[in-house]
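Down below is the structure, laid out as structure tokens.
The values are calculated or read from the model by the stated rules, or taken from the named source; none is laboratory data. Quick caveat: nothing in here was measured; it's all calculated off a predicted structure. Reconstructed Cβ throughout: ideal geometry from the backbone, glycine too, with neighbour counts over all protein chains shown. Just the protein is used for accessible areas: all its heavy atoms, side chains included, with ligands, DNA and RNA removed. Shrake-Rupley method; radii C 1.70, N 1.55, O 1.52, S 1.80 Å.
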Amino acid sequence: MPKINFFTEDTSYDLKGKIAIRKWITETITNEGYTLNELNFIFCSDEYLLRVNQDFLQHDYYTDVITFDNSEELKMILGDIFISIDRVKDNAKQNKVSTHDELCRIMIHGTLHLLGYRDKTKKAKLEMTAKEDFYLNRR
């Protein structure tokens with residue numbers, strides 16, 4: 001049975017509306033033509049995610065999200081999305097949105113990476129942002 005799990009590491013963030021978020025993420029995955037096997041969201045601190053970034057990606061900087069695609073089958077979602085709650089809170093203040101809304105934006109961003117979207121070029125970033133906005137409006 002497909003699953004979306006929520007974990008915390010080095011933070012005490014309590015996600016509200018888990019049932020609705022699971023439904024929203026699952027519908028996003030299905031809408032993009034993928035099948036959900038298992039998706040883990042791990043909410044953590046800046047320092048925890050920095051260590052993940054250093055240890056697994058050899059990057060020495062803070063970030064808000066890191067996505068690991070563990071699937072071995074095409075169009076199958078099996079992955080882990082690490083999210084820094086510290087970055088989410090800072091981003092929310094900067095963007096003048098609620099922490100929950102910013103967290104949802106980061107969650108869908110990580111999910112879109114698993115769905116094959118990239119954000120390394122200006123064109124790809126514009127496409128990804130449009131998809132984020134589209135799915136955020138479907139929440």
Odd one out for Tyr62 among (1) aromatic (Phe, Trp, Tyr); (2) touching a Leu at 6+ places or on another chain (Cβ under 6 Å); (3) in contact (Cβ under 8 Å) with a residue 40 or more places away in the chain = (3)
Which condition number in (1) surrounded by 12 or more Cβ atoms within 10 Å (Cβ to Cβ); (2) at negative phi is the one that Lys75 fails?
-> (2)
Turns out the strands (runs of 3 or more DSSP E) fully within the range 13-97 with at least 1 residues that are of a type outside the set (Asp, Glu) and over 16 Å from the mean Cα position of the chain (by Cα) are 35-44, 76-84
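Which of the residues belonging to the range 15-25 are in contact with a strand residue (DSSP E or B) (Cβ under 8 Å, 6 or more places away or on another chain) and surrounded by 17 or more Cβ atoms within 10 Å (Cβ to Cβ)?
Ile21, Arg22, Ile25 - these are the residues of the range 15-25 that are in contact with a strand residue (DSSP E or B) (Cβ under 8 Å, 6 or more places away or on another chain) and surrounded by 17 or more Cβ atoms within 10 Å (Cβ to Cβ).
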When you scan the range 98-139, how many residues do you find that are part of a helix (DSSP H, G or I) and within 16 Å of the chain's Cα centre (by Cα)?
-> 26
Condition check for Leu50: open to solvent by 30 Å² or more (accessible area, probe 1.4 Å) and out of contact with any strand residue (DSSP E or B) (no Cβ under 6 Å at 6 or more places or on another chain) = no
Any idea which residue in the range 98-119 is farthest from Ile25 (Cα to Cα), counting only those that are in contact with a helix residue (DSSP H, G or I) (Cβ under 8 Å, 6 or more places away or on another chain) and open to solvent by 60 Å² or more (accessible area, probe 1.4 Å)?
-> Arg118
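Yes/no per residue for (1) under 18 Å from Leu136 (Cα atoms); (2) of a type in the set (Phe, Trp, Tyr); (3) out of contact with any Asp or Glu (no Cβ under 9 Å at 6 or more places or on another chain):
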| site | (1), (2), (3) |
| --- | --- |
| Gln54 | no, no, no |
| Asp60 | no, no, yes |
| Asn91 | yes, no, no |
| Val97 | yes, no, yes |
| His109 | yes, no, no |
Could you give every pair whose Cβ atoms fall below 7 Å, whose first residue belongs to the range 97-116 and is within 22 Å of Gly33 (Cβ to Cβ), and whose second residue is of a type in the set (Ser, Thr, Tyr), counting only separations of at least 6 or pairs across chains?
-> Ile108/Thr28; Ile108/Tyr135; Gly110/Thr67; Thr111/Thr28; His113/Thr67; Leu114/Thr67; Leu115/Tyr34
With respect to Val65, is the statement that it is at pLDDT 95 or above and either over 13 Å from Leu114 (Cα atoms) or small (Gly, Ala, Ser) (or both) true?
-> no
